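Q: This is the structure I want to talk about, given as structure tokens.
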Amino acid sequence: MPSGRPYPEPVAERSPSVFVDEARLCARGGDGGAGCVSFRREAHVPRGGPDGGDGGRGGDVILVADRNVASLLSFRDHPHRRAGSGRHGSSKLRHGARGADLEVRVPEGTTVRDLHRGEILADLVRHGDRWVAARGGRGGRGNARFATNARRAPTFAEQGEYGEERWLRLEVRLMADAALVGFPNAGKSTLIAALSAARPKVAAYPFTTLEPHLGVVRFGEHEFVLADIPGLIEGAAEGRGLGHRFLRHIERARVLVLLCDLAPADDRPPQAQERVLLRELERYRPDLLDRPRLVVGTKADVARYPFDGLAVSAVTRQGLDVLCGRIAELVEAARAEEPEPEPYVLLTPTPEGFRVERDPDGAWRVAGRAAERAVALADLTNPEALAVVHRRLRRMGVERALARAGARHGEVVRIGHVELTYDDET
């Protein structure tokens, strides 16, 4: 991977209600299996002929949008993903098995960019959208494929191709699946810190949180983004305090979790807190009351008021598993009801042919998949195999291209991992 970046890094758009989660992915398709060199050997069957089978194709790495994946957290420490390689061919014309494809689950709304050029390759916005990130290599042909009337017993076969490898940058605009809404000091920051890896500032005074904090919560097979919204006060809908600034963070959340303090400093009962919170939400945007919501009592370990609903404690972890389960159910139902946006995929045709260029050390390089396939034979020390390579390169026009580029007798020519010597007399 190049150490420098030839293009400037795109600036990720960030807003208080949405942030951009980024991760790098190295996707590598599986290698193709090698063809087999084998001859039929049975009693009473003289000169049975070649029977080497073909190698299997390597598997592809496929990115799949999944509504149950909420972040790119799994790529932070493990950015490499590789599909299965094809099996080698064997005797009796037995072909190798195809390598297994690898499906990599990413959140809905994931944008895929080329890591070095920055161009957008795909935008996987709907559940089930798929995009092949790295294709597997083609399997090599066995020696039975090279039998002709003039070549009855070929003693060579093809190697399998290496799988495609590319570095990608994944970006997803994380919208809060659920927002914690409550009065200042209701325990929102302590709760999100207990449920996720988010580490907001926690202190025993009002308005400790001035900007929302987002944390990814994993619970069983569920994953969702939880937002710690700065505390609301009565009159927030009319702009009191920082009301409008705080309320706008709630607009894009799928589920609202109303937190009622069971040990409030102002001695306001939890039922009164709920009424005030709902009134402020309705005054700001009436449709917020149509969102799925869950009412939860916090600080159950030091509660001073009775509470009929779900009571939790971030300190003793009382009720946290039940809370996560209920939020996950509401989030999953809300995701399923959302309209499906349109995906975007950049269709790039596979480059054909080849190009001739100079390596830094002065050697010539013939680049291109077609040229690399032409030399992908198992044993280039075999005169028959070398003759096949020469014919392939000549038909492709590689020799003429080298001559036009100024190649001279005796210079090194690299094609893939093979080094040849240019002979201008051939």
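Q: Place the peptides 41-52, 147-158, 291-302, 121-132 in order of packing, highest mean first, counting for every residue the other Cβ atoms within 10 Å and averaging per peptide.
A: Ranking, from highest mean packing down: 291-302, 121-132, 147-158, 41-52.
Q: Net charge within 13 Å of R135 by Cβ-Cβ distance, Lys/Arg positive one each and Asp/Glu negative one each, not counting R135 itself?
A: In short, +1.
Q: Sticking with this one: Once you place label points 7 Å from the Cα toward the Cβ at H44 and L310, how far apart are they in nm?
A: Each label point lies 7 Å from its Cα, and together they span 7.8 nm.
Q: Between L73 and T148, what length in nm is gained on full extension when 0.36 nm per residue of separation is reduced by their alpha carbon distance?
A: Difference between extended and current length: 21.5 nm.
Q: Could you give the length gained on full extension between R279 and D361, defined as 0.36 nm per residue of separation minus the Cα-Cα distance, in nm?
A: Here the segment from R279 to D361 would lengthen by 22.1 nm.
Q: In a shell of Cβ-Cβ distance under 15 Å around F156, excluding F156 itself, what net charge do Lys and Arg (+1) and Asp and Glu (-1) give?
A: +2
Q: What net charge is computed for the residues neighbouring V61, neighbours being all others with C-beta under 13 Å from the C-beta of V61, Lys and Arg scored +1, Asp and Glu -1?
A: It works out to a net charge of +1.
Q: Additional query: Run the simple label-point estimate for E411 and R317 please: 7 Å along Cα→C-beta, distance reported in nm.
A: 6.8 nm
No value in this document is a laboratory result; all are computed from the given coordinates. Bear in mind that the values here come from a model prediction, so they are computed numbers and not experimental data. Quick reminder, even Gly has a Cβ in these numbers, built from the backbone with ideal geometry, and neighbours come from all protein chains shown.
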